[in-house]
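Reviewing the structure listed below.
The values are calculated or read from the model by the stated rules, or taken from the named source; none is laboratory data. This one's a predicted model, so the numbers in the text were calculated from it and none came from an experiment. No Cβ is skipped: glycine too gets one built from the backbone with ideal geometry, and neighbour counts run over all protein chains shown.
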Amino acid sequence: MDRSHQPLPQRHIATGVRLIEAAISPDGAPVIGLHLYIASGWLARTMARGSPFAAIKPASIGIPALLKARPGLSQTELADLMGIERMTAGVQVARCIRRGLVRRERAVTDRRKYRLFVTRKGLATLRGIAALIPLHEQHLFKGLSRSERTTLYRVLRKLIAGSSRDLAKL
C-alpha cells in the first residue's frame, strides 16, 4: 500500500526534526535550512498523487503562469526566471508540451531559436489550480495566524531574493 500521500503524525515529524537538529548542531543553534527542507518535503507530500491537491505541481503552475505573463520566452529565459538549470527547464517544458499546456514555436527573427507559449488547455489548468490554491493554503497554514503567514511570506520572499543574487555570483 502506497502511503506517500498520507500525512505523518505531526508529533513524529517534530520529534524527528528535534533529534536531527540536536545531532548536527551540538551547540543548540537552530538549523533553519533543515526546517525548510523538512517543510519542503511536507509540502511535496500534500501534492502527491492521490491527494486532493495533486494538480498543484510547480511546473504545472510556474511554466504556464510565466508564459501567460510573458508570452514567447525562450527556454533559457524561462529557466532563469524559475531559478532552475536549463536542462531541468527542458525536461519540465517537454512534460508541459506533452500534457498540452505549452506549445513551442520557431522564433520569427531567428529560425534556429524557439519561443514558448501557454495553450488554452494551459490557461484552463491554471484556472483550475488557482481555484485549489486558497484551500491548499488553508490546509498548509491552518496553525498560523494571519500575521504569522504574512511574516513567513515576507521572510521567504527576502530569502529567495537574496539567494537569487548569491547564485548569480557562483
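Please determine, by comparing only the residues of region 72-105 that are under 22 Å from I56 (Cβ atoms) and in a loop (DSSP other than H, G, I, E, B), which one is modelled with the lowest pLDDT. Looking at residues that are under 22 Å from I56 (Cβ atoms) and in a loop (DSSP other than H, G, I, E, B), I get G83. Determine whether region 123-138 contains at least one residue that is assigned to a helix (DSSP H, G or I) and farther than 27 Å from A79 by Cα. Within region 123-138 (the criterion being assigned to a helix (DSSP H, G or I) and farther than 27 Å from A79 by Cα), the answer is yes, since at least one residue qualifies. Contact annotation: residue pairs with Cβ atoms under 6 Å, 6 or more positions apart or on different chains, pairing a residue in region 45-69 that is surrounded by fewer than 16 Cβ atoms within 10 Å (Cβ to Cβ) with a partner that is modelled with pLDDT of 85 or more and not in a helix (DSSP H, G or I), are K68/V118.
In this structure, does S145 turn out to be surrounded by 16 or more Cβ atoms within 10 Å (Cβ to Cβ), hydroxyl-bearing (S, T, Y) and within 23 Å of S40 (Cβ to Cβ)? So S145 does not fit the description; no. Checking each residue in region 127-150 for being within 19 Å of the chain's Cα centre (by Cα) and at pLDDT 90 or above picks out R127, R149, T150. Counting the residues of region 34-45 that are under 19 Å from I129 (Cβ atoms) and over 12 Å from the mean Cα position of the chain (by Cα) gives 1. Residue selection: T15 fails the criterion of being in the same structural domain as L123 (by TED's automatic domain parsing), more than 18 Å from T125 (Cβ to Cβ) and in a helix (DSSP H, G or I). Condition check: among the aromatic types (F, W, Y), out of contact with any Ser or Thr (no Cβ under 7 Å at 6 or more places or on another chain) and without any contact (Cβ under 8 Å) to a residue 40 or more places away in the chain. Does F141 satisfy that? Criteria met by F141. I'd like the full set of residues that are in contact (Cβ under 8 Å) with a residue 12 or more places away in the chain and of a type in the set (G, A, S), limited to region 128-138. G128, the sole residue that qualifies.
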